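Quick notes on the structure that follows.
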Amino acid sequence: MSGIRFTEAEDRWLIDNINNPDFLTWEEITKRFNEIFPQRNAYSLRDRCTKRLKLHRDNNSGRFGINGNKKIASPIGTEREFGEYIFVKVDDVCTEDKNSDFRINWQQKQRYVYEQATGRKVKKGEIVIFLDRNNRNFNPDNLYCLPRSIHSTMCKFDWYSDNPDLTLSAIKCLELRKTAVNLLEGRL
């Protein structure tokens, strides 16, 4: 038999605490559980509760709600950290493809803040960067939208700096160079 067995005391604790209002996430349940019992991960606890003990949290857990509509997990404006970036929920569009839902409904916070501050949409092929390299500094003065080609050159030559003025100067030089090349080649 694979896996580690749960004891009766562990099962009893899960039954008694699965819907405790102090535990909003599986990670919080796991942390509290691990303070009392041997180390378990959130996946094994969730698996034990839902599949073996047939316990479900009071919340809808993503199942279908009233009138067959999918319950919306997070309200618009919710911020979540994914990897090294923070994303903001901007819409509640439901599609069959979960990955598509994420791309439609969530936006990188730096892009969202930039668009709100400038009133300009970021075009395809452009990205919003942090001038001081601090990806937690969402001050609109620290955000700059540039073409991916310029971003690529900045990375290639390691021209990003912790000093936002130096970074902006390098970007402006590359933008000027790009404009000059386009003029010489008759593209402008």
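Read-outs throughout are calculated quantities, based only on the coordinates presented, and are distinct from any laboratory measurement. On a predicted model such as this, the values are computed, not experimentally measured, just so you know. For neighbour counting, all protein chains shown are included, and Cβ atoms are generated from backbone atoms with ideal geometry for every residue, glycine included.
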- [ ] Compute the distance in nm between two label points, each set 7 Å from the Cα along the Cα-to-Cβ direction, one at Arg103 and one at Ser44.
- [x] 3.7
- [ ] Would you kindly give the portion of the calculated P(r) for the range 79-184 that falls above 21 Å, as a percent of all Cα pairs?
- [x] 42
Task: Residues Phe82 and Ile36, FRET efficiency given R0 of 22 Å [Cβ-Cβ distance, rounded to 0.05] - done: 0.10
Task: Paramagnetic reach from Asn139 (point 7 Å along Cα→Cβ, amide N under 20 Å) across the range 154-187 - done: 160-172
TODO: In whole Hz, with x marking every Gly and Pro, tabulate ³J(HN,Hα) for the range 9-14 from phi via Karplus 6.51 cos²θ - 1.76 cosθ + 1.60, θ = phi - 60°.
DONE: 5, 5, 4, 4, 4, 4
TODO: Step through the residues of the range 129-138 one at a time and calculate ³J(HN,Hα) from phi using the Karplus curve (6.51 cos²θ - 1.76 cosθ + 1.60, θ = phi - 60°), rounding each to whole Hz and writing x for Gly and Pro.
DONE: 10, 9, 5, 9, 6, 8, 7, 10, 9, 9
Open item on the list: For Glu185, Glu10, Glu27, which order do you get if you count the other beta carbons within 10 Å of each Cβ and list the fewest first?
Closed with: Glu185, Glu27, Glu10
TODO: Scan around Asp92 for amide H atoms under 5 Å from its own, H built in the peptide plane at 1.01 Å from N, and keep only partners 5 or more places away or cross-chain.
DONE: none
Task: Cβ-derived FRET efficiency at R0 22 Å, Asp91 paired with Ile127, nearest 0.05 - done: 0.60
- [ ] Considering Cα pairs under 8 angstrom that are at least six residues apart, work out the relative contact order of the chain and quote it in whole percent.
- [x] 10
- [ ] Would you order Cys145, Cys155, Cys49, Cys94 from fewest to most other beta-carbon atoms within 10 Å of each residue's own beta-carbon?
- [x] Cys155, Cys94, Cys145, Cys49
